[in-house]
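Each reported figure results from applying straightforward, stated rules to the coordinates on display, with no laboratory input. Just so it is clear, the structure is predicted and the values come from calculations on it, not from any experiment. Note: ideal-geometry Cβ built from the backbone for every residue, glycine included; neighbour counts use all protein chains shown.
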Amino acid sequence: MLVTDRVFPDDPAYGLYELNYPAQGTGSWHRYQIIQVMRGDRVVEHRTDLGPAKKYSAIPQIRIPGGVVLDSGRFEVVHTVGELREIADQMRGLEPPHHEVPDLIGGYHKELDKRKDRRRGRVRFAVTQKW
């Protein structure tokens, strides 16, 4: 794999990966952002050390493709380096989604009460007090 010392936001991207690898000479694990770009007809790689992997323990390793493989076997670039970096930043900033479980039994009984009140012509009002 060919390497490069810089990439630009408008470079056509083959993919962006944030992976944990042992840091050279220290024995500790670091998170690396690996960006593969298309330079001519070759894939070239750029690596950035993002720091100790334990800082990213709550965030899974990231793999974002920069394009698609066509039926002909040719790779077509869809994203630029800037777009993939933005996607990775958003993924790192997201918290896991919180799904609230609805109270189905309580909702069922409330609906029965509403229907019974409608049949009897009853209207319920809630009184709120302002302090």
Most mobile of D41, D49, D103 in a GNM of the chain (Cα contacts under 10 Å)
D103
Derived scalar couplings ³J(HN,Hα) [the range 28-40; Karplus, 6.51 cos²θ - 1.76 cosθ + 1.60; whole Hz; x for Gly, Pro]:
8, 8, 10, 8, 10, 9, 10, 10, 9, 10, 8, 10, x
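If Lys and Arg each add +1 and Asp and Glu each add -1, what is the summed charge of the other residues whose beta carbon sits under 14 Å from the beta carbon of L84? Don't skip to the answer; put the middle values down first.
Values: positive: R63, R85, R92; negative: D10, D11, E18, E45, E83, E86, D89.
Summing Lys and Arg as +1 and Asp and Glu as -1 gives -4.
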If we count every other residue with Cβ under 10 angstrom of Y32's Cβ, Lys/Arg +1 and Asp/Glu -1, where does the sum land?
0
If I stretch the segment between N20 and R115 completely, what's the gain in nm (0.36 nm per residue apart, minus their alpha carbon distance), one decimal?
28.4 nm
Measure nothing fancy, just the Cα-based angle from helix 81-93's long axis to the longest principal axis of the chain, in degrees from 0 to 90, nearest 10.
40 degrees
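Over all directions, how big on average is the projection of the convex hull of the alpha-carbon atoms in the chain, in square nanometres?
18.1 nm²
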Of L70, P52, G106, which is farthest along the charge dipole of the chain in the positive direction, counting Lys and Arg as +1 and Asp and Glu as -1 at C-beta?
G106
Taking the range 1-66, which trypsin sites (Lys or Arg not before Pro) meet the DSSP loop condition and have no more than 11 other C-beta atoms within 10 Å?
R6
